[in-house]
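Undergrad: First the structure, which I've put down as structure tokens, then a few questions once you've had a look.
The values are calculated or read from the model by the stated rules, or taken from the named source; none is laboratory data. Here the structure is a predicted model, which means the values were calculated and not measured. Because the Cβ atoms are built from the backbone with ideal geometry, glycine has one as well, and the counts that use them run over all protein chains shown.
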Amino acid sequence: MSVVSTTAYRRDHFFVGGRWIEPAGTERLVVVSPATEEPVGSVPAAVAADIDAAVAAARQAFDRGPWPLMTQQERAAKMRDLAAAMRARVEETATAITSEMGSVISYTRAGQAPAPIDMLEYYAGLAGTVGQPEEGRVGAYATWTVTKEPIGVVGAIVPWNGPIFLAMFKIAPALLAGCTIVLKPSPESPLSAYLLAEALEAADFPPGVLNIVPGDREVGRHLVLHPDVDKIAFTGSTAAGKAIMADCAHDLKRVTLELGGKSPAIVLDDADLATSLPGILFGFTQNNGQICVSNSRLIVPRSRRDEIVEAIAAGLGEVTLGDPFDEASTMGPLVAQRQRDRVVGLLEGARAEGATIAYGGGDGGMDRGWYVAPTLVTDVKPGMTIARDEVFGPVLSIIDYDTEDEAIAIANDTEYGLGAAIFTTDDDRFARLARRVRAGTVNRNTHLTDYYLPFGGWKQSGIGVEGGPEAVESYLATKVLGPFG
């Protein structure tokens, strides 16, 4: 790791136990702009001792502090204080996210920065309705009380593509449940997490309830294996999720995994292409194509294939690839050179397997930065690598079908099951076919993730759900008291 002496963002401490502490190590994480390929900041790189300190603070806050003993309404009041402090930093947060991972500023202002605040307020509004109240229950031999209590200390490990949004997917329900948390941001996008830490400080949040320690995969594994951590909540690749699940098995830790996807979007023969096109385009270009639930496989009726390809290509011609801080840009770069090289490699492999790059495929004329232009790939067969591997870039593969049954079979022919979409003008047809698609969410005529509702994957896309009241339940443990009477 190199050290950057003068950058726009330089941080020298971790936020642990409600205060800024010195790091135990001397290495730093250098954050590089994916648009300029120049450093934009640096933060300390956590070592095992830093994770130990953060877990100890969270453990003390849970075992000896008031947080788990407070009512949900009392916790909700502090969550609203935190939301207010985050709102005061929303523009700074948007700027930091655009700097560190390349989301265009219009997207970070509209979604990446404000959505976590809304999520926090949503969960505060659920106070008293989830995991409540205690229930008297008549058993086989006596009367008992069934109650639910917070699971304990949570290790939250988040990726770079939604650094605060994906963190809040874990933080907000865990806080309402009464858990304490150690958050490990990604090495690529730790800068925005420091603004969350500043908000915690401004909100006078109880010490140790939420601790923030950025680091690499090695210290992430130390957090997973730590004996004082009761649950791991992870978003990232399926490969990493499998490794985390295996590590959690050592102590039978609870785990929630939100992993990869290869989401299909089925266009039925009655679809209104004019109204469907925005959802199709957004489904694979959102956040520069770097979302786990990207609808990267478009399954189209052979009879309408040419019409659909022509419409998508025309729509992509309206996408403005450019500087993510330019208000006119609608798509920015990929997060890192390795990510761009991986996407380019998959496109080269698609050509070698017989697919056609019908639109895009290059860098869009950008002279620096890790850009990939929005790309349309045709002549794709279900068995091709481009149709099976998660690309994590702005690439859409077109796969033809002749019958409904064939379309459903293609959609389900994947190891993943995170999201899907069906485009049709017939609501009854949507309802009938959506129940045959094996995925956690099936959108109708759009691409949308609603965090007021449960979100999770089937098959190798994950275990458990985030979002909605169901997420709170995943941070609670059931306890039986009695007998009485």
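Undergrad: Scan region 376-389 and report the pairs whose first residue is outside the structural domain of Gly345 (by TED's automatic domain parsing) and whose second residue is charged (D, E, K, R) and in a loop (DSSP other than H, G, I, E, B), with Cβ atoms within less than 9 Å and a gap of 6+ or a chain change.
TA: That search, which allows pairs on different chains as well, returns nothing.
Undergrad: If I ask for residues that are part of a loop (DSSP other than H, G, I, E, B) and either under 24 Å from Thr129 (Cβ atoms) or basic (Lys, Arg) (or both), which ones from region 449-476 would you list?
TA: Thr449, Asp450, Tyr451, Tyr452, Leu453, Pro454, Gly456, Gly464, Val465, Gly467, Ser474, Tyr475, listed by residue number.
Undergrad: Where in region 99-192 are the strands (runs of 3 or more DSSP E), entirely inside, with at least 2 residues that are over 26 Å from Gly482 (Cα atoms)?
TA: It comes to 153-157, 180-184.
Undergrad: Has region 64-75 got any residue that is surrounded by fewer than 22 Cβ atoms within 10 Å (Cβ to Cβ) and either at pLDDT below 95 or over 25 Å from Met168 (Cβ atoms) (or both)?
TA: yes
Undergrad: Continuing with this model, one more query. Sort through Thr7, Thr26 and tell me the only one that's at pLDDT below 95 and over 28 Å from Glu121 (Cβ atoms).
TA: On the way: Thr26 fails: at pLDDT below 95.
After ruling out the rest, the residue left standing is Thr7.
Undergrad: In addition: Only one residue in Arg340, Arg368 is among the charged types (D, E, K, R), over 19 Å from Ser294 (Cβ atoms) and either surrounded by fewer than 17 Cβ atoms within 10 Å (Cβ to Cβ) or within 23 Å of the chain's Cα centre (by Cα) (or both), so which one is that?
TA: It is Arg368.
Undergrad: Filter region 84-98 for residues that are touching a Leu at 6+ places or on another chain (Cβ under 6 Å), surrounded by fewer than 24 Cβ atoms within 10 Å (Cβ to Cβ) and assigned to a helix (DSSP H, G or I) and give the result.
TA: Correct list: Glu92 only.
Undergrad: If you don't mind, there's one more thing I want to ask. Residues in region 288-297: is at least one of a type in the set (S, T, N, Q), crowded, with 24+ Cβ neighbours inside 10 Å, in the same structural domain as Glu404 (by TED's automatic domain parsing) and assigned to a helix (DSSP H, G or I)?
TA: Yes, region 288-297 has at least one match.
Undergrad: Can you say whether Leu334 is touching a helix residue (DSSP H, G or I) at 6+ places or on another chain (Cβ under 6 Å), farther than 30 Å from Ser303 by Cα and in contact (Cβ under 8 Å) with a residue 24 or more places away in the chain, as far as the supplied structure shows?
TA: yes
Undergrad: Only residues that are surrounded by 15 or more Cβ atoms within 10 Å (Cβ to Cβ) and part of a helix (DSSP H, G or I): list them for region 314-337, please.
TA: Correct list: Gly315, Leu316.
Undergrad: Here's a check for you: in region 416-451, which residue that is modelled with pLDDT of 95 or more, within 16 Å of the chain's Cα centre (by Cα) and hydroxyl-bearing (Ser, Thr, Tyr) is surrounded by the fewest Cβ atoms within 10 Å (Cβ to Cβ)?
TA: Thr441
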